[in-house]
């Protein structure tokens, strides 16, 4: 199991345990609500919420060809989740690089952030922007007027 799935799996297991205890104590409705909450948390913190990641090299190549930004991210990052959710459907237009899966992506994050793997780091036209506002990122996807 990769590091990206550890937190979601733990959330599902903990939610299942709490729901089982609540069911046996006579609160099946509460158990269902708690289990649902844990499943939603697990889903949000899983890599499934994000578009399919590519390698840093592939993302740079694609970005050079189409001009779209590259996002360096990692699963479980609250700020990455916030960016992904606030971008909505337009997130699919970006090139996402999971720094836990790609050593070159992690190196790019460290280069952009003075040795730290701070994410999300959005690279637009070769310039890194650490934890940018989602509205600004969305504006980078729009063609110039």
Inset, instruction - Could you calculate the contour length gain from residue 61 to residue 93, that is, 0.36 nm times the residue separation minus the distance between their Cα atoms, to one decimal place in nm? - result: 10.1 nm
Legend entry - Sequence of 100, 136 once ranked by neighbouring C-beta atoms within 10 Å, starting from the fewest: 136, 100
Legend entry - Gyration tensor verdict on the chain (Cα atoms; rounded if a/c is under 1.5, prolate if a/b is larger than b/c, oblate otherwise): prolate
Legend entry - Crossing angle, helix 78-87 versus the chain [Cα axis fit, 0-90 degrees, rounded to tens]: 70 degrees
Inset, instruction - Multiply the residue gap between residue 78 and residue 25 by 0.36 nm, knock off their C-alpha separation, and tell me the result in nm, one decimal place. - result: 15.7 nm
Inset, instruction - Can you tell me the FRET efficiency between residue 135 and residue 37 if r is taken as the Cβ-Cβ distance and R0 is 25 Å, rounded to the nearest 0.05? - result: 0.30
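Taken together, the values in this text are just the output of simple stated rules run on the coordinates, not laboratory data. As the structure is a prediction and not an experimental result, all values here were calculated from the model. Note: ideal-geometry Cβ built from the backbone for every residue, glycine included; neighbour counts use all protein chains shown.
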